[in-house]
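Here is the structure we will look at, set down as structure tokens.
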Amino acid sequence: MSYDYDEDNVFAKILRREIPNDTVMETDYTLAFRDISPAAPEHILVIPKGYYVNYDHFAQEATDAEILDFSRVIGAITHAIGATPGNGGEGYRLISNAGRNGVQDVPHLHVHILAGRPLGRMLFSG
């Protein structure tokens, strides 16, 4: 399968330091930063530093180290913001959109971490 990566997307520009961000956590493989238009009190975007279009692209082509690091960063952030239910938090939601039907706005894999208030149901039938 072929994935066309747009090197001019906003997250690629953030990774190249052309656009500033409010960094929450950074590792060799992953960058996490606050969303500029938060939909919840805690709204953090987590992106791999590799140029992956969406999750299936990442899962197929990323190294084991990239995949592990990305997952660990998400877990570390949910813990750090006090959202993990096993540690007294009230919960969180992870969202990653892919493609046109998934309403993906930026063609670089990103996971939204949303927390800090009740978020309601994810989808409604109709």
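Throughout, read-outs are computed from the coordinates displayed, never taken from laboratory work. What you see is a predicted model; the values in this text were computed from it and never measured. Positions of Cβ are backbone-derived with ideal geometry, glycine not excepted, and every protein chain shown enters the neighbour counts.
Which of the trypsin sites (Lys or Arg not before Pro) found in the stretch 51-112 are in a DSSP loop and have at most 16 neighbouring Cβ atoms, other than their own, within 10 Å?
Sites meeting the loop and neighbour criteria: Arg100.
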**Message:** Angle check, please: helix 64-80 long axis (alpha carbons) against the longest principal axis of the chain (alpha carbons), in degrees 0 to 90, nearest 10.
**Reply:** 30
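Which GluC sites (Glu not before Pro) in the stretch 2-66 sit in a loop by DSSP (not H, G, I, E or B) and have at most 11 other Cβ atoms within 10 Å of their own Cβ? Before the final figure, lay out the partial values.
Values: sites: Glu7, Glu18, Glu26, Glu42, Glu61, Glu66; in loops: Glu7, Glu18.
Listed in order of number, the matching sites are Glu7, Glu18.
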**Asked** Given Thr84, Ile14, Val24, which one lies farthest toward the positive end of the charge dipole of the chain, if we put +1 on the Cβ of every Lys and Arg and -1 on the Cβ of every Asp and Glu?
**Response** Thr84
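Which number comes out as Rg/Rh for the chain once both Rg and the Kirkwood Rh are worked out on C-alpha atoms?
Values: Rg = 14.6 Å, Rh = 15.2 Å.
Reported Rg/Rh (Cα atoms, Kirkwood Rh): 0.96.
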